[in-house]
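To keep things clear, I will list the structure first and then write my remarks on it.
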2 protein chains.
Amino acid sequence: MTDRLYVTYEYFGTGPQEVADFIRVEQSIEFPFDLAPTWIQNEVVGKIESITEIGEGLHQICISYLAGNTGGELPQLLNVLWGNVSLVPNVRLVDVVLPESITRSFKGPRFGIQGLRKHFGASERPLLTTALKPMGSSSETLAEMARTLALAGFDLIKDDHSLANQPWSKWRERVEMVSRAVNEANDVTGKQCAYAPSLNLPFDQLHEAARMAKSLGAGSLLVLPGITGFDSMRTLSEDDSIGLPIQAHPALLGSYVSSPKNGISHGILFGLLARLAGADITIFPNTGGRFSFTPEQCEEIREKAQRPLDEIKPIWVAPAGGMTLEKIPEMLKAYGKDCALLIGGALSRGDLASNASAMVRAVEA
Amino acid sequence: MTDRLYVTYEYFGTGPQEVADFIRVEQSIEFPFDLAPTWIQNEVVGKIESITEIGEGLHQICISYLAGNTGGELPQLLNVLWGNVSLVPNVRLVDVVLPESITRSFKGPRFGIQGLRKHFGASERPLLTTALKPMGSSSETLAEMARTLALAGFDLIKDDHSLANQPWSKWRERVEMVSRAVNEANDVTGKQCAYAPSLNLPFDQLHEAARMAKSLGAGSLLVLPGITGFDSMRTLSEDDSIGLPIQAHPALLGSYVSSPKNGISHGILFGLLARLAGADITIFPNTGGRFSFTPEQCEEIREKAQRPLDEIKPIWVAPAGGMTLEKIPEMLKAYGKDCALLIGGALSRGDLASNASAMVRAVEA
């Protein structure tokens, strides 16, 4: 009866009824409606729940689908939500309400907000995170950079998302050297700074690399679901032999949000889907940085990342992209304390150690 | 010296020089340019090769990157081409020229055009392909449908891309029953009709499922790179213990092409990238079907899928989406004979067996 998911699309154009009829068939049976058996027409094809005009030539179309259409699996859930309709211009996926039968199929983030507060001994404050850059640096250089940042008191230090297996710093060597430097710094500080190597690696190496990273002393993982797939992140998150906090990076996902009349809303993509797929921290470009998200789009991400969702834990937001020390008060005002402050390149302007300490002091204050 | 990849973006707006400078840094070091060591500025950061005005407020920006920036791996190649710049509005990726050092890193499609001509005994003609639908049908029903289609003489019969593990037809049961029906039909016809189960499955089951499909008698695979990742397709294609022809389905990829000022060009996405990632057949919505690709966009896909690319084989194009028997002559005129004719739901209007035979006769004529 209520075992359905409710999916809301915005449609820009004329004939919303025809478009709604198209979507409910395309996203389920993808077959001429009149040729389908009656029970399939009634049960398996999506149902139009409402069509509401919300602006000139702009309608919200809500369609519900039987939970069974997803088979309880994330790849097919993505397909039901957006598979073929992604190919239709002027339609945007803007909201998704999942039944408990679906949320129960997912473990969701392993740590979430409370889990990482405990993990990093950060009972009240935001998390302090940064990245190792630039590409071209040797593993030794990146390891010393990581040591400095860990000594300054950062919680999380990730690889720049584009560090992979470049000739200047191979993945395994980097993970080994940086993990060691960070753990040596932890011995000094008594803190739990975690290094997150980037897992933008070949499909068939992903889980093995994650386990190796853990065995080499890495304390977290950076995953790029736009490249390796949302379900790669889910399996990395759910794998008890790994069990590390996961940060999701938005690489390649921009095309889903860069056109206002197409794609997937910021909240659904970086909030709901990242969370359902097991990210403990969702990284996205903050408003006012190098990219172009609006304050409302960022708030939508925060809301979808943190609002109640059955047993699925709320997660940290990490607004990033050209952030500076000066912007910290503004970021805390916008996002509250359940925010992972991610400042990268700006820390290297001047002396890294003093900038890093200044950031830690600013947040602790 | 020439070991660089050349990437062309279209930019809609003012200040193309600033945008070009932004992209070349963002897609490489993602770090303040002035703070990077000189050799990294000179070598690792992308170089602006040209900025050309091609329309009012529209520029083509060509940037080259050192091949080493990709580490010779597909996930990082995607990241170099489109990772963070995907988040910048009004920029579109329109061309990619790869050096041999990169194309050599990929095996490309296992069969390609000539391989499948030999495989299916189709020395001159287009391939005949179709899909099992609608969702909600039992495995028995789908198997009988497949038997009819195989007896009629189809080369390839794929799962509808949205068939996964729904309650009405579980994946393993379906693969077993449909494979058996198709192989029994092959015993009658003496042909090599291949069933392609959809591999839109959980990340950690993909390779095992592909091997199981093969052992159950499936002769091909349907992969959804927009959901499971382009590199999942590459590894499935390169895995010698699988060794089956691969069809790539465009689910979820539409958001990369649906906005004219954002995303990735049709040719790069469905032509070059699908091919590099090992698809033998690239499925996309034909012009004039249920979707909205233009004839020029479809031709661009064909061109990128089939033009010479070092040792990487050319592949079949499968223009689909609401295609009918009547459109076959037009499709052959547009795409030539290296085309996999994919007709789905329309075959079920009236008698499936007669429609299927009519299609086979039409193509053989």
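FYI, it's all coordinate maths here, none of it is from the lab. Everything numeric here is computed off the predicted structure, so don't read it as measured data. A quick note on method: Cβ atoms are made from the backbone with ideal geometry, for glycine too, and the neighbour counts reach across all protein chains shown.
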(message) Rounded to the nearest 20 debye, what is the charge dipole size of region B:53-196 about its Cα centre when +1 sits on each Lys and Arg Cβ and -1 on each Asp and Glu Cβ?
(response) 380
(request) Read phi for every residue in region A:143-157 and hand back ³J(HN,Hα) as whole Hz from Karplus 6.51 cos²θ - 1.76 cosθ + 1.60, θ = phi - 60°, with x for Gly and Pro. (result) 5, 5, 4, 5, 4, 4, 5, 5, 5, 6, x, 5, 7, 9, 10
(message) Which three extents, in angstrom, do the Cα atoms of region B:292-365 have along their principal axes, listed largest first?
(response) 45, 26, 17
(message) Please list 3J(HN,Hα) in residue order for region A:164-174, calculated via the Karplus relation 6.51 cos²θ - 1.76 cosθ + 1.60 where θ = phi - 60°; whole Hz, with x for glycine and proline.
(response) 10, 10, 6, x, 7, 7, 6, 4, 5, 4, 4
(message) Between residue B:352 and residue A:173, how high is the FRET efficiency from 1/(1 + (r/R0)^6) when r is the Cβ-Cβ distance and R₀ = 51 Å? Nearest 0.05.
(response) 0.30
(request) Starting from a label point 7 Å past Cα on the Cβ side, list the distances from residue B:294 to the same position in the other copies, nm, shortest first. (result) 2.9
(request) In whole Hz, with x marking every Gly and Pro, tabulate ³J(HN,Hα) for region A:264-277 from phi via Karplus 6.51 cos²θ - 1.76 cosθ + 1.60, θ = phi - 60°. (result) 10, 5, 4, x, 5, 6, 8, x, 4, 5, 4, 5, 4, 8
(message) Please compute one quarter of the surface area of the Cα convex hull for region A:44-108 and express it in square nanometres.
(response) 5.1
(request) Answer with one residue from A:350, A:181, A:271: the one whose Cα lies farthest towards the positive end of the charge dipole of region A:112-364, charges on Cβ with Lys, Arg +1 and Asp, Glu -1. (result) A:350
(message) Can you tell me the convex hull volume per residue for region B:236-319, based on C-alpha atoms, in Å³ to the nearest whole number?
(response) 91
(message) Let me make sure I get this right: for region B:228-273, a, b and c are the square roots of the gyration tensor eigenvalues over alpha carbons, sorted descending. Under 1.5 in a/c it's rounded, otherwise prolate if a/b > b/c, else oblate. Which is it?
(response) prolate
(message) Give me the net charge for the shell around residue B:9: Cβ to Cβ below 12 angstrom, other residues only, Lys and Arg +1, Asp and Glu -1.
(response) -1
(message) Can you find, among B:14, B:363, B:143, the residue sitting farthest towards the positive end of the charge dipole of the protein assembly as shown, where Lys and Arg contribute +1 and Asp and Glu -1 at Cβ?
(response) B:143
(request) Per residue of A:65-75, count partner chain C-beta atoms within 10 Å of its C-beta, then hand back the mean as an integer. (result) 6
(request) May I ask you to list the trypsin sites (Lys or Arg not before Pro) in region B:251-320 that are in a DSSP loop and have at most 16 other Cβ atoms within 10 Å of their Cβ? (result) B:261
(request) Report, in whole Å, the centroid distance computed from the Cα atoms of region B:175-218 and region B:102-130. (result) 18
(message) Run through region B:21-60 and list the GluC sites (Glu not before Pro) located in a DSSP loop whose Cβ has at most 10 other Cβ atoms within 10 Å.
(response) B:56
(request) Using a Gaussian network model of chain B whose springs link C-alpha atoms within less than 10 Å, name the residue from B:70, B:287, B:189 with the highest mean-square fluctuation. (result) B:189
(message) As an exercise, find the ratio Rg/Rh for the protein assembly as shown from alpha-carbon atoms, using the Kirkwood inverse-distance average for Rh.
(response) 0.97
(request) Scan around residue B:195 for amide H atoms under 5 Å from its own, H built in the peptide plane at 1.01 Å from N, and keep only partners 5 or more places away or cross-chain. (result) B:157, B:219, B:220
(message) Placing the label point 7 Å from Cα along the Cα-to-Cβ direction, what are the distances from residue B:140 to the equivalent spots in the other copies, shortest first, in nm to one decimal?
(response) 7.1
(request) Please sort by residue number the GluC sites (Glu not before Pro) in region A:158-237 whose DSSP state is loop and whose Cβ has at most 10 other Cβ atoms within 10 Å. (result) none
(message) I want the local charge near residue A:265. Using Cβ-Cβ distances under 15 Å, sum +1 for each Lys or Arg and -1 for each Asp or Glu among the other residues.
(response) 0
(message) If you average the C-alpha positions of region A:261-319 and of region A:1-71 separately, how far apart do those two centres end up, in angstrom?
(response) 25
(request) Hey, could you get me the Stokes-Einstein D for region A:4-103, Kirkwood radius over alpha-carbon pairs, 20 °C and 1.002 mPa s, rounded to whole µm² s⁻¹? (result) 158
(request) Compute the acute angle (0 to 90°) between the alpha-carbon long axis of helix A:16-26 and the principal axis of greatest extent of the alpha-carbon atoms of chain A; round to the nearest 10°. (result) 70
(message) Per DSSP helix of 4 or more residues, -39500 (n - 2.57); summed, then divided by the residues of chain A. What does that give at 222 nm, rounded to the nearest 500?
(response) -10000 deg cm²/dmol
(request) Scan around residue A:320 for amide H atoms under 5 Å from its own, H built in the peptide plane at 1.01 Å from N, and keep only partners 5 or more places away or cross-chain. (result) A:284, A:286
(request) Please report, in debye to the nearest 20, how large the charge dipole of the protein assembly as shown is about its Cα centre when each Lys and Arg carries +1 at its beta carbon and each Asp and Glu carries -1 there. (result) 660
(message) Let me spell out the model: positive unit charges on the Cβ of Lys and Arg, negative unit charges on the Cβ of Asp and Glu, origin at the Cα centre of chain B. What dipole size does that give, in debye rounded to 20?
(response) 1140
(request) Distances from residue B:190 to the same position in the other copies: list them in nm, one decimal, shortest first, using label points 7 Å from Cα along Cα→Cβ. (result) 8.5
(request) Using only alpha carbon positions, build the gyration tensor of chain A, then give the equivalent ellipsoid semi-axes as the square roots of 5 times its eigenvalues, largest first, whole angstrom. (result) 40, 21, 18
